Amino acid sequence: MTDNAITLLDAVNLALARALEEDPDVVLLGEDIGVNGGVFRATDGLQARFGERRVIDTPLAETMIAGLGVGMATQGLRPVAEIQFMGFIFPAFEHLVAHAARMRHRTRGRLSCPMVLRAPFGGGIHAPEHHSESTETLLAHIPGLRVVIPSSPARAYGLLLAAIRCDDPVVFLEPKRIYRASKTLVEDNGEALPLDTCFTLREGSDITLISWGAMIQETLMAADRLAEEDISCEVIDVATLNPIDHATLIASVHKTGRCVIIHEAPHHGGMGAEISATLSEQVLTSLQAPVRRVTGDDTVMPYYRNEQLYLPDVDDILIAVRETMEYSG
Amino acid sequence: MKYFKLPDLGEGLPEAEIVEWHVQEGDQVEADQILVSVETAKAIVEVPSPQAGVIAHLFGAAGDTIHTGEPLVEFAGGEDADTGTVVGQLSQAQNTDSQRESFIIGAAPSSRQAGRASTTPAVRSLAQRLGVSLETLRGSGPGGRITAADVERAADMDQSFGAPEPLKGVRKQMAKAMAQSRAEVVPVTLCEDADIDHWPEGTDITMRLVQAVAAACAAVPVLNVWFDGQQLARRQHSRIDLGVAVDTEQGLFVPVLRDIGNRSRDDLRDGLNHLRADVKARSIPPAEMQGATITLSNFGTLAGRYASPVIVPPQVAIVGAGVIRRQPVAVGDDVRVHGVMPLSLTFDHRAATGGEAARFMQALIQSLSE
Amino acid sequence: MHEVSYQGDIRLTRYLDDSGRPLGEMPDWALGEQPWVGYYQQMVLARQFDTKAISLQRTGQMGTYASLLGAEAIDVVSASLMQAEDVLVPYYRNHAMQMIRGTPISRLFLYWGGDERGNASPQMGRDLPNAVPIATQCLHTCGVATALKLRGEHQAVLTMIGDGGTSKGDFLEAINVAGAWQLPVVFIINNNQWAISVPRSKQCIAPTLAQKALGAGIRGEQVDGNDAIALHDVVGQALERARAGKGPTLIEALSYRLSDHTTADDATRYRPADELKAAWSREPVARLRNWLHGKGFWDEAREQAWQAESKQLIEAAVAEWQAMEPQPVDELYDYLYAECPSGLAEQREQARLRQQRREQRGADHD
C-alpha cells in the first residue's frame, strides 16, 4: 500500500496492480508491456510481480490485440489491452466498433465484452509523426463503447479501476503530455470513481470552462489568471466522453450563463460540438453569450517542429473567455 | 546509473579499441576518474567515469573493439537512467506537491440551486429593439419564460400608458415584504377603543402608546417573540425593540426604538426624534431598521379608525392607533362626549391565541387609561 | 492414405563469414573491386550519418531518431541495386536508402528534425515517404506495384519491414495479394531480432520468417543481412525477377539491431550486454572492410581519406539543415487539400494571428 505523491503514470500502474491483485480474471496484454514494463513504464514491474500468464507481451499486431481482447472478454476474463499510441489504434477499430461495442446488444445480454483498451494520446511531447493523435471523438461517437479520459493522478487511479470493474467495453485514453507533469497524493484504497460523471474542479459563478485530458492544465491556469481579473470560472473535467454527464454541464451553464469548451482535438466535429449543441438545446434561455470552443485546428497534426502552432494555449483560452464575458449580443 | 555506455567520441565513427583499463572490478571510483583508454582512428581517448560508484563488471579486455552505445562498465546497485518513453520527451514534475486533490463529483453545490429569469436570445434582442425592460416583465411562457408576445404586449402598454416605473428602494422592499407576509402569516385583528379623555393638554400621544406597548408586552410577553414558520419554533425576547412606522414621500420606513421597557419617557422621545430626523435626512443606517420584536403604526395623525396592519415576520404582533375623535360614550347610565382612541391589534394566530391577544389589548387599554 | 501435397524449402545465402572471410569458392562476379568498394563507402557514409543523428539528438538539437546501426549492408546494397524508375516504399529506418536514391542528406535531418519538407524532396521522385504505422507500407507497395502493372511498366517496387512487422495483418495481406496478382515486388524483412523489447522468438514460432512466403504461394528465402555480397546476389535477382514479370519475392535478411529501438529507448532494460557484444563481432561494415582489405581493394590511407570526406559531407548537410527556417503556419493549410476550402480561411487567419501573438510573447520574454 502506498500513500504518497505520485504521477498520473504511477497512478495507472497502481490501479493496474490493484486490479490484478483483486481479480484473477484481469489479464494485461500488449506490445512491450511485460519485460520492458511498457514504453512509458505504465506496466513497470507488473510482469515480475504477477507472472507471464497475466501480463503478456504480444506479437506486434493491433488488430490482433483488440480481437484477442474481445474473445477473452466474452469468456469472462477482464482483459486490459494496451495500444502503444493512439496513432496506432486504427487497426483495432474494427474490433472495437463491430464487436466490442455491440456484443451485449446483439446477443441480448447473453454475452458481454468487459474489456479495457488503454492508449496514450495527445501531442506536446516533441515526438515523431503519428505519436500525437487526438481522435477521441471517433471513438466516443460509437454507441456501446465507453470512452474515459483522466486528467490527474487521483482521477486516473479511480477511473481506471472503475473501467476495469465495469462490465462494458471501455477505451481509456491517457494524456501522455501530463503523464509525469505533476504529483499528487493518491491513496491506494481500491476506490473507484463513477464512470458517467463529470468532475467540477473549481466552483465559480461567471463562466463555465469545460475540458478534458491534458488541456485541463491550461484550463486551470487560465482560471487562475482570470480570477486575478475578477472573473470567477467554474472548471469542469468531462472525464467520460461517452456517455457524457450532460446534467452537470447543464446545471453549471444554467448558473453561469457562459461557457467555453477547450479541447486539443480538431474543431470540426470534436466533442466540443456535441456539448455545445446539447447546451444550446437545454439551457438556451440561460445563455448570455454563445458557447465558444477553443480547439486544435482542422489540419493534420504538424510534425514536432511546428507542434506548438497547433496546440491551444492559455492565452487562447483567456481571449475566448474575455470575449465571452464582454459579449452583449 | 547501472550501465555506463561508451559515449560518442566525436569522431563520426562508433568504433574504438580498448587500449588499457585503469580500474578493476570491485574498485570504488570517483566521478571523472579515468576508467579506460581507448583508441579511435585518430587518437587515444581517456574515458572518465560519469559518477562515483563501485565497478561491478568491465565489458571487454584490452585489444577488444567497443562501439558507441555499448555498455562499457556496470556499476553496482545502480538504477538505469530511464527516459521513460520511446519517442519524444515527457516533462517531469518539478515540485513534489504533496497535495491531496480536491474535486467535486458532478455539479457544484451552487449549480444545483441556481435560478434565473429566462428568455431566449431572440426575445432578448427584440426587447432591446422595442425598448422594453425585461426586469419589469412577468413571463407567460413555460416555467415563467418571457415570450415575444410578452415583450410586444409590454411595448403596446408602454406606448398607450407610458413605460412602467420599476419600484426601487423602500417601495420595492415594502412590496416584497408585504407579499411575503401575506404568504406566511395567519393574521387576526382585534379592535378596541381606549377612553383617553382624562389625558392632560399636550400629552405626548406617541410616547403614551410606546409605553402602553411596553406595559402590554410585560403583561403578555408571548406577543413579543420571533416566530419561525419553517421550524415551528419561537424565540422569546426579554427586551422590547419597537418598530415605529414612519411615513415619508419615499415610502414607509420602520426604524427601531430599542429597549422601550427600560427607558424613561424623555429618553424615548429623544430617541424617536433622532430616528425621525435620520429618516427625513435619508441618512438612517440599515442596522437601525433591523431587529424589531413588535411594531407600532400610529396613523392617528392622518385618517382612519381601525385597520388590520400587516405583520412582518418574524414578528407576531403589530399595534395600530387611529385618529382620536370626540364621540358619545356611556359613563354609567349617562351619555358623555369623550376623546376616544381607536386601537387595532393584529396578531399571528400561528404563534398566539385569541385569549393572549385579548389580554394584551386589555393591558394596552389599562396603560392608556392611567 | 496420405501423400505430400506440398513441400517447400527456404534457402539461406551467405558468402562471407562473420569476419569477412570467404566461406567457400567465391563466384567470379564477386571478385572485382566494384561494386563492393562503392558499397563500402556508402555504408561508412550511412554510419557517419547515423552517428551524427544520434549525437544531434543527445545534444538536444534534434528529436527522437531511429538508428540504422547494423542495417547498413541491407540498406546500401538494396538501394544501389534499384533502378531510378523502380519505386521505394520505405519503413522508418531506411534513411540510407533514401540517401543513395538521391535525397539530400539535409532533407533526412529535416524529417527527423520534425519538418514535413523532409518528405518533399523532389529527388524522391515517386518513392513513398517513411511509414511509421507498422507494416502499412507493405500494402502500399502492392498498390504501387498494381499501378505499374496496369500501366505496363516493367519496374520493381521494393519495401522493407522489421521482424515484428511480419506479425501484422497488413504484411500477411500484402504478401497474399502480391502472390495472387503476381505483383512486381520485393519484400525485404530486416530481421534484426528485436521489435523494441520483444525478441524474435516471441513474434512467431516458425523457424524462419521467410517461410511465411510459402503460405502466400510466393518465393521466399533467407540471406545473411550482414553480408553485402550475399545481399547483392539475392536482392539483385529478386529485383530482376520482378522487373521481368516473374512475380514477387520475400527476402528475410538476418541481421541484428546494434542500437536501441530509438534514441529514447534503452535496450539494456531488456537485452543482455553479451548478446550485443557478440552481435558486434558479426557486424556488416567491418566484415566488408576486411574482405576488401584482403583483396587489396582498400587500405588505411583510403579509409582515413574517406572518413574525412564523409564527415565533411555530413557536416555540410547539418549546416544546410540548421540554416533552414521553420515553416510558416500557412503551410499547415496549404497542403491539406488540393485547394484550401474557403471555409477554412478564417481558421487560417486565426492561426496566423495566434502565431504572431506567440512570437511576440516569446520576444517579450527575451
B:Leu343: passes all of (1) part of a strand (DSSP E or B); (2) farther than 30 Å from B:Ala183 by Cβ; (3) touching a residue at least 60 places away in the same chain (Cβ under 8 Å) but (2)
Flagged in segment A:215-240 as crowded, with 24+ Cβ neighbours inside 10 Å and more than 11 Å from chain B (Cβ to nearest Cβ), in numbering order, are A:Met215, A:Thr219, A:Ala222, A:Cys233, A:Val238, A:Thr240
In segment A:241-258, anything under 24 Å from the mean Cα position of the chain (by Cα) and within 8 Å of another protein chain (Cβ to nearest Cβ) is listed as A:Asp245, A:Ala247, A:Thr248, A:Ala251, A:Ser252
Inside segment B:152-177, the number of residues satisfying the requirement of being among the acidic types (Asp, Glu) and loosely packed, with under 14 Cβ neighbours inside 10 Å is 2
When (1) of a type in the set (Phe, Trp, Tyr); (2) in the same structural domain as C:Asp227 (by TED's automatic domain parsing); (3) surrounded by fewer than 22 Cβ atoms within 10 Å (Cβ to Cβ) are applied to C:Tyr6, the one that fails is (2)
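Regarding segment C:25-41, can at least one residue be identified that is assigned by TED's automatic domain parsing to the domain that holds C:Thr208, farther than 30 Å from A:Val300 by Cβ and polar (S, T, N, Q)? Can you show your working first?
Pass one, segment C:25-41, residues assigned by TED's automatic domain parsing to the domain that holds C:Thr208: C:25-41.
Checking which are farther than 30 Å from A:Val300 by Cβ leaves us with C:25-41.
From the residues that got through so far, the ones that are polar (S, T, N, Q) too are C:34, C:41.
Checked against the condition, which is being assigned by TED's automatic domain parsing to the domain that holds C:Thr208, farther than 30 Å from A:Val300 by Cβ and polar (S, T, N, Q), segment C:25-41 yields at least one hit.
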In the set A:Ala48, A:Ala19, the lone residue that is among the small types (Gly, Ala, Ser), more than 12 Å from chain C (Cβ to nearest Cβ), farther than 23 Å from A:Phe90 by Cα and in contact with a helix residue (DSSP H, G or I) (Cβ under 7 Å, 6 or more places away or on another chain) is A:Ala19
Within segment C:92-106, residues in a loop (DSSP other than H, G, I, E, B) and within 14 Å of chain A (Cβ to nearest Cβ) come out as C:Tyr92, C:Arg93
### Message
Take A:Arg18 and tell me if it is touching a residue at least 60 places away in the same chain (Cβ under 8 Å), surrounded by fewer than 24 Cβ atoms within 10 Å (Cβ to Cβ) and within 22 Å of A:Gly190 (Cβ to Cβ).
### Response
yes
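Results for (1) under 26 Å from C:Arg58 (Cα atoms); (2) within 12 Å of chain B (Cβ to nearest Cβ); (3) of a type in the set (Ser, Thr, Tyr), shown as yes or no for each residue.
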position: C:Ser259; (1), (2), (3): yes, yes, yes
position: C:Thr268; (1), (2), (3): yes, yes, yes
position: C:Pro272; (1), (2), (3): yes, yes, no
position: C:Leu276; (1), (2), (3): yes, yes, no
position: C:Trp280; (1), (2), (3): yes, yes, no
position: C:Lys295; (1), (2), (3): no, no, no
position: C:Trp306; (1), (2), (3): yes, yes, no
Of the residues in segment B:120-152 that are more than 9 Å from chain A (Cβ to nearest Cβ) and polar (S, T, N, Q), the one that is farthest from A:Ser280 (Cα to Cα) is B:Thr136
Note on A:Gln47: of the conditions (1) closer than 21 Å to B:Leu90 by Cα; (2) polar (S, T, N, Q); (3) not in a loop (DSSP other than H, G, I, E, B), unmet is (1)
Note on segment A:183-202: residues at pLDDT below 95, at the interface with another protein chain (Cβ under 7 Å from one of its Cβ atoms) and surrounded by fewer than 18 Cβ atoms within 10 Å (Cβ to Cβ) are A:Leu185
Of the candidates A:Arg54, A:Arg110, the one satisfying the condition of being surrounded by fewer than 24 Cβ atoms within 10 Å (Cβ to Cβ) and over 23 Å from A:Ala156 (Cα atoms) is A:Arg110
Of the listed residues (A:Val35, A:Val39), the one being surrounded by fewer than 22 Cβ atoms within 10 Å (Cβ to Cβ), part of a loop (DSSP other than H, G, I, E, B), within 14 Å of chain C (Cβ to nearest Cβ) and in contact (Cβ under 8 Å) with a residue 12 or more places away in the chain is A:Val35
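Being of a type in the set (A, V, I, L, M, F, W, C) and more than 7 Å from chain C (Cβ to nearest Cβ) is the filter here, so list the residues in segment A:301-317 that pass it. Step through it out loud before you land on a result.
Going through segment A:301-317, the residues of a type in the set (A, V, I, L, M, F, W, C) turn out to be A:301, A:309, A:311, A:314, A:317.
Across segment A:301-317, the qualifying residues are A:Met301, A:Leu311, A:Val314, A:Ile317.
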Of (1) assigned by TED's automatic domain parsing to the domain that holds A:Leu9; (2) touching a Lys or Arg at 6+ places or on another chain (Cβ under 6 Å), A:Gly190 satisfies every one except (1)
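Considering only segment A:119-135, I want to know if a residue exists there that is away from every other protein chain (no Cβ under 14 Å), of a type in the set (A, V, I, L, M, F, W, C) and buried (at least 24 other Cβ atoms within 10 Å of the Cβ). Walk me through how you get there before you give the answer.
Pass one, segment A:119-135, residues away from every other protein chain (no Cβ under 14 Å): A:134.
Within this subset, residues satisfying the condition of being of a type in the set (A, V, I, L, M, F, W, C) are none.
Checking segment A:119-135: not a single residue is away from every other protein chain (no Cβ under 14 Å), of a type in the set (A, V, I, L, M, F, W, C) and buried (at least 24 other Cβ atoms within 10 Å of the Cβ).
Of the residues A:Arg202, A:Arg146, which single one is among the basic types (Lys, Arg) and closer than 23 Å to A:Arg106 by Cβ? Talk me through it step by step, then tell me what you get.
On the way: A:Arg202 fails: closer than 23 Å to A:Arg106 by Cβ.
Result of the check over A:Arg202, A:Arg146: A:Arg146.
I'd like the full set of residues that are within 30 Å of B:Leu58 (Cα to Cα) and more than 14 Å from every other protein chain (Cβ to nearest Cβ), limited to segment C:246-257. Before the answer, list the steps.
Going through segment C:246-257, the residues within 30 Å of B:Leu58 (Cα to Cα) turn out to be C:254-257.
Scanning segment C:246-257 gives C:Leu254, C:Ser255.
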### Message
Among the residues that make up segment C:131-139, is at least one of them surrounded by fewer than 24 Cβ atoms within 10 Å (Cβ to Cβ) and in a helix (DSSP H, G or I)?
### Response
yes
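Out of curiosity, is A:Gly257 surrounded by fewer than 23 Cβ atoms within 10 Å (Cβ to Cβ), modelled with pLDDT of 95 or more and at positive phi? Let's see the steps before the verdict.
Working: surrounded by fewer than 23 Cβ atoms within 10 Å (Cβ to Cβ): yes; modelled with pLDDT of 95 or more: no; at positive phi: yes.
Criteria not met by A:Gly257.
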* **Residue within segment C:173-183 that is out of contact with any strand residue (DSSP E or B) (no Cβ under 7 Å at 6 or more places or on another chain), in a helix (DSSP H, G or I), farther than 30 Å from C:Glu283 by Cβ and among the β-branched types (Val, Ile, Thr) present** => yes
Q) Would you say C:Glu331 is more than 30 Å from C:Tyr40 (Cβ to Cβ), assigned to a helix (DSSP H, G or I), touching a residue at least 60 places away in the same chain (Cβ under 8 Å) and of a type outside the set (A, V, I, L, M)? A) yes
Going through segment B:26-58 in order, the residues found to be within 14 Å of chain C (Cβ to nearest Cβ) and either under 11 Å from B:Ala16 (Cα atoms) or not in a strand (DSSP E or B) (or both) are B:Glu39, B:Thr40, B:Ala41, B:Lys42, B:Ala43, B:Pro50
Within segment A:1-56, the count of residues that are of a type outside the set (Phe, Trp, Tyr) and over 26 Å from A:Gln75 (Cβ atoms) comes to 21
A:Leu14 meets each of (1) within 30 Å of B:Gln99 (Cα to Cα); (2) within 14 Å of chain C (Cβ to nearest Cβ); (3) not in a loop (DSSP other than H, G, I, E, B) with one exception, condition (2)
Pairing a residue in segment B:23-35 that is exposed (fewer than 14 other Cβ atoms within 10 Å of the Cβ) with any residue that is among the hydrophobic types (A, V, I, L, M, F, W, C) and not in a strand (DSSP E or B), where Cβ atoms lie under 6 Å and the two sit 6 or more apart in sequence or on different chains, gives B:Glu30/B:Ala52; B:Ala31/B:Ala52
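The values are calculated or read from the model by the stated rules, or taken from the named source; none is laboratory data. Keep in mind that what you see is a predicted model, and the values were worked out from it rather than measured. Here the Cβ is made from the backbone with ideal geometry for all residues, glycine too, and neighbour counts use every protein chain on show.
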